[in-house]
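Step one of this worksheet: look at the structure below.
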Amino acid sequence: MIFNYYGKRSLFIHIPKTGGNSIQYELIKRDFTSDKIVCTGHQDGFDRFEIRGDLTKQKHQKFFEYLEKDPSLRSSQVFSVIRKPFERLVSLYFSPNRHFKRNFINRKFYLKNNVSFSEEKFFELVNQTSSSSEMLSQNKKFVELPKNLITMRFEKLNEELLKYFPDFDFSSRKNISKYMEDSKKVLKSKFLRNFVESSFHKSDLENFYHY
């Protein structure tokens with residue numbers, strides 16, 4: 001998302017499962033951006049929407065995709081929220097949008113009551129999902145982080161938001177996963193954590209959690 005931050009053209013790169021919906025919603029609500037909310041498909045709670053704009057084709061657009069459309073954005077301030085990769089990918093696995101089904105009688109969508117965890121499907125998700133480093137990269141072929149990058153850690157997001165967006169109110173827009181207890185069980189697995197943190201997602205720990 002392209003937005004105006006204290007008079008400067010800036011970007012917010014929304015990495016999936018990092019709380020970015022609330023930030024984009026507030027930027028739009030306050031007219032900090034010309035990007036618009038577009039509701040597509042089924043909606044399953046607060047902040048389920050898509051984003052469209054002159055240079056924005058989706059709310060999870062990568063930085064290098066913006067640069068392909070407008071190279072001058074390379075010098076812009078870039079904001080993003082980052083999260084430890086194992087926790088982020090487990091959250092993504094149990095994300096409601098992955099577990100909707102359609103009732104073939106009334107054609108309505110419904111959310112499954114229970115989700116069976118499959119290691120094989122989780123491995124596929126890990127391998128198919130871009131790392132946060134890739135999402136923020138200036139280069140499509142290799143990771144090259146922006147020079148003007150401000151990252152806010154998901155683990156202390158309220159504190160970080162007050163630092164950079166002190167006038168915003170994020171308190172009323174919370175998504176609570178229906179599968180929270182299931183995800184807690186998976187997060188206890190040392191084997192799965194090691195798998196993620198030994199994959200290409202380890203670059204997120206190296207780039208954002210080394211200090």
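The values are calculated or read from the model by the stated rules, or taken from the named source; none is laboratory data. Just so you know, these numbers come straight off a predicted model, no measurement behind them. Neighbour counts are summed over all protein chains in view; Cβ atoms, including those assigned to glycine, are modelled from backbone coordinates with ideal geometry. Ligands, DNA and RNA are excluded from the accessible area calculation, which covers all protein heavy atoms including side chains. Shrake-Rupley method; radii C 1.70, N 1.55, O 1.52, S 1.80 Å.
Of note:
- Scanning the range 40-69 for residues that are modelled with pLDDT of 90 or more and farther than 16 Å from residue 137 by Cβ yields 51, 52, 53, 54, 55, 56, 57, 58, 59.
- Matching residues, the range 6-24, being of a type outside the set (Gly, Ala, Ser) and surrounded by fewer than 18 Cβ atoms within 10 Å (Cβ to Cβ): 6, 8, 9
- Hits in the range 47-78 - residues which are under 30 Å from residue 195 (Cβ atoms), touching a Phe, Trp or Tyr at 6+ places or on another chain (Cβ under 8 Å) and not charged (D, E, K, R): 78
- Considering only residues in the range 25-39 that are open to solvent by less than 20 Å² (accessible area, probe 1.4 Å) and farther than 16 Å from residue 77 by Cα, the one that is modelled with the highest pLDDT turns out to be 35.
- Qualifying positions in the range 51-99 - in a strand (DSSP E or B) and open to solvent by 10 Å² or more (accessible area, probe 1.4 Å): 52, 77
- Filter result (surrounded by 11 or more Cβ atoms within 10 Å (Cβ to Cβ) and modelled with pLDDT of 95 or more) within the range 100-120: 119
- Listed by position, the helices (runs of 4 or more DSSP H) enclosed by the range 127-211 that each have at least 1 residues that are surrounded by fewer than 17 Cβ atoms within 10 Å (Cβ to Cβ) are 157-164, 180-187, 190-197, 202-208.
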